[in-house]
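Asks: Let me give you the structure first, and then I'll get to my questions.
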Amino acid sequence: MQTTGLHKLIELINLTESTYILRIEKKDMQFEAGQHILLGKADDNDQREYSIYSGTNDEYLEVLIKEVVDGSVSIHLKNLNPGDLLKVEGPLGFFGLSKDKIESGKFLFIASGTGIAPFHSMVKSNPNLNYKILHGIRTCNEDYGKEDYNSDRYIRCTSRENGCDFEGRVTDYIRQNDFDNDTICYFCGNFKMIKEAMDLLENKGIPGSQLHAEVYF
Amino acid sequence: MSKKIAFKTLGCRLNLFETDSIASEFSKNNYQIVDFSDKADIYVINTCTVTSMSDQKSRRVINQAARRKKDGITIVTGCMATNYKEKLQDNENIDYVVDNDHKTSVVSIAEAHFNGEIVNDEQFQRDLFKYEPAKDTFHTRSFIKIQDGCDNFCTFCIIPKVRGRASSRPVEDVLNNIRKVVEYGYKEVIITGVNIGRYNHEGTNFEGLIEKMIEIPGDFRIRISSIEPDGYSESFFRLFKHAKLAPHMHICLQSGSEEILLKMRRMYTAKLFKEMALKLDEMYPGFSLTTDVIVGFPGETEEHFQETVEMAMSIGFGHIHTFKYSVRKGTRAERLPDHLDEREKTRRGEIIRVLSDETRLNHRKSFIGRTQRVLVQIILENGYARGFGEHYIPVIIEKQNLDTNKFYDVDIVAINENDEPTLIGKIRN
Ligand SMILES: Cc1cc2nc3c(=O)[nH]c(=O)nc-3n(C[C@H](O)[C@H](O)[C@H](O)COP(=O)(O)OP(=O)(O)OC[C@H]3O[C@@H](n4cnc5c(N)ncnc54)[C@H](O)[C@@H]3O)c2cc1C
């Protein structure tokens, strides 16, 4: 059931200089992991889409936001204080795990930057999920929510720093590794990464019907 | 003396359905429906805002009504009315602006006005489906609204803003609507909505709904009209085996480039689209597949565009409705870099239009030697009958004294290769 309303900000958690989590009142919003909301300041007409970062059973809603310096909404949301009101509409979207695959499916989640958000929600909402995450980030400290993943299921692919899991882009990782053809792949974040990664996996034999994308920009 | 009312509808089939229903209500209340170019007491304009061109057309029609109305009133409703409500409320040529959520209140607003009351659309209950089945419409086929709104949020599209979130009409209401119009004598029903493939009411999805529709008894057929390619199963395709379901869909491709489809946030790949088209043609040779294409989306290079051209050629669409990309305020695409200049968009649009003419002609020619079940819509000056076959291709039946609104089985013997290539048929013996 979709709702539109004002939700209070519970907490703003800074993860890096530019990336933060907004923890918001959930009210009675029910959603499926992978869905997003439309979010904006209560007194502002501009709203943007944000994937829900928290799990379906959490008592609050969380979103993970990267501040875009020349953007208009992400920068303002960062200046909010607990108790401030946010305009929230949702849940929206179809970027979810198909219900009949959750138990038995083998999932590969490929994210760039804050594109990890829907996968965080999927993992938190389904503790027995058989998944692997490839997280494309620039530096190791962008490994948002690392503690919530099983360490051998979460691979940081860093493009500008050595010393965490894999040095290079997610696409380099895909090139250098094999994947079973029955893997169900989800991509989220920047469209260039998504396009390249989809092509690579399709060339490795994963059918197009098993590739699902959520493009942020 | 009864009041005169004139209607103008711009844009999609959903608007046509809604105008038909509203007009039918006025007619029941003893209003006389006149042509939009005639003098009327009320002008109702059901607007569209899908492109900047639609906005321009809507504005032009509002001005035409203003020039004609004298003591009458102008009621503006539809998507443009919703998108620019406040601005239009300040326009002195317009008496009432009614947004989509309250469109069914147009009759009450007009009645109140002539009783000396000035009311506001928001005083009425929001209702997306309170449209009565129309008995006398402006068309020979009946539109059936099953759904409204869209949650897809394609980056170019303003529709989620003006039509709101997806909402499905209860199954029984849809089925009753069809039963009613079949009882009125309609022989073809056209399923309409904003994103009909996402129909879901209490567990019945689009496929389930169509399954129920084809079980309704009567001599009529069902046409699916415009639908998004959001992944259909083979069981859905098998439904087309049923004689009631016309072998035609307008499935919106928008681009043949995987990269542009991702930027548009469409939920399919060009490759999957093509597989689906081939599958349909393999199961039902000649299946009529028509489509929409947007040219000049931000960042569309010549290479991306050529991918669309190649795709269109290889699928051989029955028709391509070409749109030049047009910025809609507040959409994600508005904020994308690399917007193309108008001349380039026009050039690309022209290439697709020429290609569409070619593929349409080839598709239609492939029906020579086949049969069609033609629903006659009009009798031409020479006494021959014209209508549409199940593939939504126009057919002229070379025989006199046929009846309109009746099905005839015809053998296709030739084609008229004019601007609108038309099949020529002879009644089957
Ligand atoms: C379905 C969906 C879900 C989304 N979920 C998230 C999310 O969970 N977290 C999140 O941070 N963003 C998310 N986004 C992007 C988000 O909606 C905004 O676009 C982003 O926050 C920037 O907004 P803005 O108004 O500040 O700038 P905008 O004017 O919207 O964007 C300015 C430019 O910033 C760039 N940009 C946009 N998003 C990002 C980003 N995430 N990282 C780096 N650069 C970016 C693009 O080049 C864009 O053209 C999502 C987008 C979609 C469509």
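Asks: Do any helices (runs of 4 or more DSSP H) entirely within region B:63-147 hold 1 or more residues that are of a type in the set (S, T, Y), and if so, which?
Replies: Result: B:79-83, B:106-114.
Asks: Something else about it: Could you check, for region B:140-156, whether at least one of its residues is within 14 Å of another protein chain (Cβ to nearest Cβ), more than 22 Å from B:C48 (Cβ to Cβ), over 18 Å from the mean Cα position of the chain (by Cα) and polar (S, T, N, Q)?
Replies: Among the residues of region B:140-156, not one is within 14 Å of another protein chain (Cβ to nearest Cβ), more than 22 Å from B:C48 (Cβ to Cβ), over 18 Å from the mean Cα position of the chain (by Cα) and polar (S, T, N, Q), which makes the answer no.
Asks: Within region A:66-81, can you find the residues that are near the ligand (Cβ under 6 Å from one of its atoms), in contact (Cβ under 8 Å) with a residue 24 or more places away in the chain and among the aliphatic types (A, V, I, L, M)?
Replies: Within region A:66-81, A:V73 is the sole residue that qualifies.
Asks: Looking at (1) within 12 Å of the ligand (Cβ to nearest atom); (2) of a type outside the set (S, T, Y); (3) more than 22 Å from B:C154 (Cβ to Cβ), which one does A:D165 not meet, given that it meets all the others?
Replies: All conditions pass for A:D165, except number (1).
Asks: Right, something else. Return the pair list, or none, for Cβ contacts closer than 6 Å from residues in region B:256-278 that are within 7 Å of another protein chain (Cβ to nearest Cβ) and farther than 22 Å from B:S288 by Cβ to residues that are among the small types (G, A, S) and buried (at least 19 other Cβ atoms within 10 Å of the Cβ), at least 6 apart or on different chains.
Replies: Pairs that qualify, where the first residue is within 7 Å of another protein chain (Cβ to nearest Cβ) and farther than 22 Å from B:S288 by Cβ and the partner is among the small types (G, A, S) and buried (at least 19 other Cβ atoms within 10 Å of the Cβ), are B:E258/B:A270.
Asks: Same structure again: Out of everything in region A:30-65 that is assigned to a loop (DSSP other than H, G, I, E, B) and within 14 Å of chain B (Cβ to nearest Cβ), what residue ends up being nearest to the ligand (Cβ to nearest atom)?
Replies: Here the answer is A:D46.
Asks: So if I check each of B:N115, B:N93, which one is away from the ligand (no atom under 16 Å from the Cβ), in contact (Cβ under 8 Å) with a residue 24 or more places away in the chain and more than 14 Å from every other protein chain (Cβ to nearest Cβ)?
Replies: B:N93
Asks: Let me ask you something else. Can you tell me which residue is nearest to the chain's Cα centre (by Cα) among those in region B:307-324 that are assigned to a helix (DSSP H, G or I) and hydroxyl-bearing (S, T, Y)?
Replies: Filtering region B:307-324 for residues that are assigned to a helix (DSSP H, G or I) and hydroxyl-bearing (S, T, Y), the one nearest to the chain's Cα centre (by Cα) comes out as B:T308.
Asks: Now, a different point. So is B:T404 of a type in the set (V, I, T), outside any loop (DSSP other than H, G, I, E, B), out of contact with any Ser or Thr (no Cβ under 6 Å at 6 or more places or on another chain) and surrounded by fewer than 17 Cβ atoms within 10 Å (Cβ to Cβ) or not?
Replies: no
Asks: What about A:T4, is it more than 9 Å from the ligand (Cβ to nearest atom) and not aliphatic (A, V, I, L, M)?
Replies: Considered against the rule, which asks whether it is more than 9 Å from the ligand (Cβ to nearest atom) and not aliphatic (A, V, I, L, M), A:T4 comes out as yes.
Yes or no, residue by residue, for (1) touching a His at 6+ places or on another chain (Cβ under 7 Å); (2) closer than 29 Å to B:H391 by Cα; (3) within 16 Å of the ligand (Cβ to nearest atom); (4) not acidic (D, E):
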position	(1), (2), (3), (4)
B:H319	no, yes, no, yes
B:K329	no, no, yes, yes
B:A333	no, no, yes, yes
B:D338	no, no, yes, no
B:E342	no, no, no, no
B:D357	no, yes, no, no
B:L361	no, yes, no, yes
B:I368	no, yes, no, yes
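Asks: Moving to a separate point now. Among the residues of region A:46-59, write down those that are surrounded by 14 or more Cβ atoms within 10 Å (Cβ to Cβ) and in contact (Cβ under 8 Å) with a residue 40 or more places away in the chain.
Replies: A:Q47, A:E49, A:Y50, A:S51, A:I52, A:Y53, A:S54, A:G55, A:T56, A:D58
No lab work stands behind these numbers, since they all come straight from the coordinates. Fair warning: this is a prediction, and the values are worked out from it, not measured in the lab. Ideal geometry is used to build each Cβ from the backbone, glycine not excepted, and the neighbour counts take in all protein chains shown.
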